[in-house]
Amino acid sequence: MYLQIQGLSLVEIGLCESIFHVASFLFEVPTGVLADRFSYKSVLIGGRIASILSAVIMLTSHTFLMFAFSFVLSALSYNLQSGKIDALMYDSLIETRQTKAYPKIISTVNVLYEYGDTAGVVIAGFFVHWHFELTYVISILIGFFALISILMMKEPNVTPSKVSAQALETIGSILRTSYRVLKTNRVLRNLMFFQAAFAGICTSYYFYFQSLMEKAHFSGWMISLLMVTSAVVNIVGIHFTPIIQKRFPKAVLVNSLSWCLIALLLVSWLDWIPMLMMLFLASQLLSSLVEPIFTTK
């Protein structure tokens, strides 16, 4: 929505999103190597710096190329954080011998993410028709607060054997190992492809629904209300995810999620705003359920 206000077409916005995901794909392994070479703190600090720079460029740019560069930095910030926080939490649990609590903790973390996303969307909704660029000013300020939090963080101890094993890993060795695992582990491969496709569809639904809200002339408070409702639904869904995981095998969950998403896409052909709003809420609920399910065993 911000990019539309800045004059970018839907095609250019789609290209920016594509650039983000291609960059994220290319950065994933190199940032993983950095995490093995350096501390969690240093990598997470790099991620927040990239995020701040991305917001600054979004705030000051007026051309497609600069917006695209901002998306590249944003992807880098995501990759420098992706997996590192989860690994940090898990390593901390190893020290205290509480690894069995990880599914519950990751579910709680996802609830906190939803609260954070909701707060951001509510604020952005009020700024849609009044100084929308202030959302990026707030993002920059939060980035600095995040840097302070990281600097205050205490990292778990890593055993020398783990350090030496990680030091021997290179991008080439990681890629070769990953290829062998995906080639031999059919279940893991299929689950990864499924999650990628599922999340991709839900993410596309989320972004292009913003275009629908713009065309339908949704007011700021309507956008905020819809996003808050979505967050509440997501938080409830995430809260019950551990219970759902205990009662149903993963195969049943995957099949159920697939059929729900297919039904949602088919019903989307109905060009009726109230129905599309309900489908938007359903798509975001499905997306929030997938994350904790696929980050635990």
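Remarks
- Of all residues in segment 84-118, exactly one satisfies the criterion of being of a type in the set (Lys, Arg), in contact (Cβ under 8 Å) with a residue 12 or more places away in the chain and open to solvent by 50 Å² or more (accessible area, probe 1.4 Å), namely LYS104.
- Where VAL228 falls short, out of the listed (1) under 20 Å from the mean Cα position of the chain (by Cα); (2) in contact (Cβ under 8 Å) with a residue 60 or more places away in the chain; (3) under 27 Å from LEU191 (Cα atoms): (3)
- Filtered by the rule that a residue be out of contact with any Gly (no Cβ under 7 Å at 6 or more places or on another chain) and touching a residue at least 60 places away in the same chain (Cβ under 8 Å), segment 209-220 gives PHE209, GLN210, SER211, LEU212, MET213, GLU214, SER219.
- Scanning segment 5-23 turns up no residue that is surrounded by 15 or more Cβ atoms within 10 Å (Cβ to Cβ), more than 30 Å from ASN157 (Cβ to Cβ) and hydroxyl-bearing (Ser, Thr, Tyr).
- Taking the numbered list (1) modelled with pLDDT of 85 or more; (2) closer than 19 Å to VAL109 by Cα; (3) open to solvent by 50 Å² or more (accessible area, probe 1.4 Å) in turn, LEU286 passes all entries but (3).
- When segment 260-280 is filtered for residues that are among the aromatic types (Phe, Trp, Tyr) and closer than 19 Å to VAL233 by Cβ, only PHE280 remains.
- Summed over segment 138-152, the residues that are surrounded by fewer than 14 Cβ atoms within 10 Å (Cβ to Cβ) and within 17 Å of SER54 (Cβ to Cβ) give a count of 3.
- Filter result (part of a helix (DSSP H, G or I) and surrounded by fewer than 17 Cβ atoms within 10 Å (Cβ to Cβ)) within segment 57-68: LEU59, THR60, LEU65, MET66
- One residue from HIS239, HIS217 being on the phi > 0 side of the Ramachandran plot, of a type outside the set (Ser, Thr, Tyr) and open to solvent by 40 Å² or more (accessible area, probe 1.4 Å): HIS217
- Pairs linking a residue in segment 171-195 that is under 21 Å from THR31 (Cα atoms) to a residue that is outside any helix (DSSP H, G or I), with Cβ atoms under 9 Å and 6 or more positions apart or on different chains, are THR177/GLU169.
- Selection status of VAL43, farther than 21 Å from ILE148 by Cβ, open to solvent by less than 50 Å² (accessible area, probe 1.4 Å), in a helix (DSSP H, G or I) and of a type in the set (Val, Ile, Thr): no
- Qualifying residue in segment 30-38 (condition: out of contact with any Lys or Arg (no Cβ under 6 Å at 6 or more places or on another chain), among the charged types (D, E, K, R) and over 26 Å from LEU289 (Cα atoms)): yes
- Of all the residues in segment 259-281, those that are small (Gly, Ala, Ser) and either in contact (Cβ under 8 Å) with a residue 40 or more places away in the chain or under 22 Å from MET222 (Cβ atoms) (or both) number 1.
The values are calculated or read from the model by the stated rules, or taken from the named source; none is laboratory data. All of these numbers come straight from a predicted model, not from anything done at the bench. No Cβ is skipped: glycine too gets one built from the backbone with ideal geometry, and neighbour counts run over all protein chains shown. Please note that ligands, DNA and RNA were not included when accessible areas were found on the heavy atoms of the full protein model with its side chains. Shrake-Rupley method; radii C 1.70, N 1.55, O 1.52, S 1.80 Å.
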